[in-house]
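A.B. asks: Let me give you the structure first, and then I'll get to my questions.
Any read-out appearing in this document is the output of simple, stated calculations on the displayed coordinates, not a laboratory observation. Only a predicted model underlies this, so the values are computations on that prediction, with no experimental measurement involved. Note: ideal-geometry Cβ built from the backbone for every residue, glycine included; neighbour counts use all protein chains shown.
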């Protein structure tokens with residue numbers, strides 16, 4: 001059975017890399033903003049949506065959390081961490097004189113990620129901003145007469161027929177973006193291409209009052225049960241300044257005793273808990 | 001004495017709003033990426049740099065933390081939280097027929113933040129992406145013959161002479177972006193325009209090993225001393241997967257006993273601590 005899958009586009013983005021790694025030949029639809037993509041799955045236009053949750057190049061990740069929290073029917077049902085590797089690419093006609101490139105096009109975040117490389121290797125080149133690494137690469141592909149380059153991933157090179165002249169030009173190694181699959185309801189029958197690496201449960205925890213040590217008390221509920229947290233992030237409430245909620249990732253699949261008991265205790269001391277999902281995370285294979 | 005101040009530009013961005021709120025008539029220099037802006041203060045081209053640290057519209061905030069950590073000589077010396085209010089603006093000639101706007105221009109993140117409004121009020125209008133809210137507003141100001149609009153802040157309207165036809169069109173109220181002032185060394189003699197609201201100390205804490213409850217142990221050092229944390233965020237180490245460090249904001253000015261003792265104890269149990277700054281945060285006044 002073929003499912004419809006929405007993703008944060010356009011083609012040649014890192015989200016598209018994640019979607020292609022996760023799903024086989026299903027129908028894939030590109031959306032231009034994270035809210036549009038999340039709405040599409042909420043309203044049933046697509047069965048799954050793939051959006052960045054952390055460290056994104058081309059999307060405001062805080063928006064993802066804001067929207068997931070609003071759309072309570074949607075659950076995170078899977079995750080993959082994609083390495084962010086940026087390459088310098090040119091039109092085939094210009095592959096031999098890339099050191100004389102006059103302009104480099106890309107999304108501002110991608111340009112910023114390759115700051116040191118540009119400064120050291122292409123000092124004479126000016127920088128031009130595009131709305132995505134995909135749009136930049138498209139422009140370069142359409143202008144063989146100009147000695148220009150774009151910065152993007154391998155998929156952008158493939159998609160727009162560009163030649164990669166310098167690989168891995170990003171400043172920091174081990175940059176990853178975490179992508180999640182969103183789905184309405186609990187019926188997930190779609191096959192994944194990737195192997196399961198482990199399981200996570202993501203909770204949104206709101207503290208009763210902002211008193212010293214409240215967070216410490218919350219973490220105790222997990223710590224004494226030997227439950228490890230792989231992520232904790234405080235985020236401001238949209239209802240006013242000074243109030244925070246926490247997004248917590250537990251390194252554990254949902255069970256019938258430990259997680260429900262932790263949650264019951266936290267609710268008993270006045271916390272409010274939302275379960276954003278309990279899901280597998282996958283090994284990434286390009 | 002007049003200081004040079006760098007900020008993440010261009011004109012009409014929210015960072016410019018923060019800079020103008022913080023500093024009087026000093027010389028202000030616009031930089032196009034966060035790393036360039038941070039380098040400028042590190043290399044002495046400017047005395048202060050103002051960059052977004054959380055929830056930014058126009059910059060990748062993770063880059064800010066990555067670069068601050070690299071540049072150990074730089075300290076956070078001040079902070080201001082700026083409310084993010086997005087407005088719909090048009091050329092004066094088109095102010096009476098904005099309901100028939102054909103295209104809306106803005107940065108993709110700003111468009112995404114106004115998703116509901118655009119869907120409800122300007123369903124017929126298409127969306128066009130620009131590299132910043134400033135660039136979008138400039139384009140609208142230069143094309144009075146087109147019935148188009150941009151989304152941006154009040155400063156963008158002022159800067160490019162546009163008329164705001166609909167105020168506060170963002171989906172979520174109480175959206176704020178946190179901006180910090182970076183400075184090299186401890187000599188901060190620059191006057192601020194804003195009143196001090198309180199003090200914070202920001203630490204980067206690396207745990208010795210990834211064992212269950214390690215974070216809980218770290219928080220204990222603060223909790224039993226009655227030191228409140230206003231923020232905690234785990235971030236992946238750039239040295240490999242599965243390792244995290246934590247950025248922690250303590251709601252307390254540097255003192256001679258409590259904070260140094262907490263740090264000494266954390267170091268004794270194998271944590272590594274970097275002090276990113278101990279600084280005032282200010283009331284924002286537009």
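A.B. asks: In Å and whole numbers, how far do the C-alpha atoms of chain B stretch along each principal axis, longest first?
C.D. replies: Projected onto its principal axes, the Cα set of chain B covers 68, 48, 32 Å.
A.B. asks: Still on this structure, I have one more. Can you compute the radius of gyration and Dmax for region A:198-282, using only the Cα atoms, both in Å?
C.D. replies: Cα-based Rg and Dmax for region A:198-282 come out at 12.6, 38 Å.
A.B. asks: Counting only Cα, what are the radius of gyration and maximum Cα-Cα distance Dmax of region B:87-166, in Å?
C.D. replies: 10.8, 28
A.B. asks: Which value in deg cm²/dmol, rounded to the nearest 500, describes the helix-derived mean residue ellipticity at 222 nm for chain B, given -39,500 (n - 2.57) per DSSP H run of n ≥ 4 and division by the residue count? Walk me through the numbers on the way to the answer.
C.D. replies: Details: 9 runs with 78 residues, N = 286.
Mean residue ellipticity, 222 nm, calculated: -7500 deg cm²/dmol.
A.B. asks: Sticking with this structure for a sec: Suppose you put the label 7 Å out from Cα in the Cβ direction; list, shortest first and in nm with one decimal, how far residue A:71 is from each other copy's label.
C.D. replies: In ascending order, 3.8 nm.
A.B. asks: While we're here: By how many nm would the segment from residue A:154 to residue A:103 grow when fully extended, if each residue of separation counts as 0.36 nm and the alpha-carbon distance is taken off?
C.D. replies: Details: separation 51, 0.36 × 51 = 18.36 nm, distance 1.97 nm.
Gain in length upon complete extension: 16.4 nm.
A.B. asks: If R₀ is 51 angstrom, what is the calculated FRET efficiency for the pair residue A:257 and residue B:275, using the beta carbon separation as r and rounding to 0.05? Before the final figure, lay out each step's value.
C.D. replies: Numbers: r = 41 Å, r/R0 = 0.81.
Rounded to the nearest 0.05, the efficiency is 0.80.
A.B. asks: Using just the Cα positions, wrap the protein assembly as shown in a convex hull and report its mean projected area in square nanometres, one decimal place. Numbers along the way, then the final one.
C.D. replies: Numbers: hull surface 104.3 nm².
Answer in nm², one decimal: 26.1.
A.B. asks: Taking every residue in A:29-35, how many Cβ atoms of other protein chains lie within 10 Å of its Cβ, on average?
C.D. replies: Details: counts 0, 0, 0, 5, 10, 4, 9.
Mean number of neighbouring Cβ atoms from other chains: 4.
A.B. asks: Also: Relative contact order, percent, of chain B when contacts are C-alpha pairs under 8 Å separated by at least 6 residues? Display every interim value, and only then the final one.
C.D. replies: Details: 616 pairs, mean separation 66.2, N = 286.
Reported as a whole number, the value is 23 percent.
A.B. asks: Oh, and also: Under the definition of partner shielding as Cβ atoms of other protein chains within 10 Å of a residue Cβ, what is the mean value for peptide A:116-123? Provide the component values of the computation, followed by the final result.
C.D. replies: Details: counts 2, 0, 3, 3, 0, 0, 0, 0.
Partner-chain Cβ atoms within 10 Å, mean over residues of A:116-123: 1.
A.B. asks: Output the antiparallel fraction of DSSP beta bridges having both residues in chain B, as a percent to the nearest 5.
C.D. replies: Values: 45 of 62 bridges.
Here the share of antiparallel DSSP bridges comes out near 75 percent.
A.B. asks: How far is residue A:257 from itself in the other copies, in nm, if each label sits 7 Å out from Cα along the Cα-Cβ line, shortest first?
C.D. replies: 4.6
A.B. asks: For B:107-114, what's the mean count of beta carbons from other chains sitting within 10 Å of each residue's beta carbon? Working shown, then result.
C.D. replies: Values: counts 3, 10, 7, 1, 4, 13, 6, 2.
Mean number of neighbouring Cβ atoms from other chains: 6.
A.B. asks: OK, next. Can you work out the FRET efficiency for the pair residue B:225 and residue B:20, with r the C-beta to C-beta distance and R0 = 45 Å, to the nearest 0.05? All intermediate terms of the calculation are to be shown ahead of the outcome.
C.D. replies: Numbers: r = 38 Å, r/R0 = 0.85.
The value I calculate is 0.75.
A.B. asks: Now for a different question. Report the full-extension gain for the segment residue B:27 to residue B:237: residue separation times 0.36 nm, less the Cα-Cα distance, to one decimal in nm.
C.D. replies: Details: separation 210, 0.36 × 210 = 75.60 nm, distance 3.63 nm.
My answer for the length gained is 72.0 nm.
A.B. asks: Name the residue, out of B:261, B:175, B:153, whose mean-square fluctuation peaks in a Gaussian network model built on chain B with Cα pairs under 10 Å.
C.D. replies: B:261
A.B. asks: If r is the Cβ-Cβ distance from residue B:265 to residue B:96 and R0 is 51 Å, what FRET efficiency results, to the nearest 0.05?
C.D. replies: Details: r = 66 Å, r/R0 = 1.30.
The calculated FRET efficiency here is 0.15.
A.B. asks: So, one more: If we sort A:251-257, B:164-170, B:105-111 on the protection proxy, mean other Cβ atoms within 10 Å, highest first, what's the order? Write out the running numbers ahead of the final one.
C.D. replies: On the way: A:251-257: 13.3, B:164-170: 17.4, B:105-111: 25.1.
Going by the mean number of other Cβ atoms within 10 Å, highest first, we get B:105-111, B:164-170, A:251-257.
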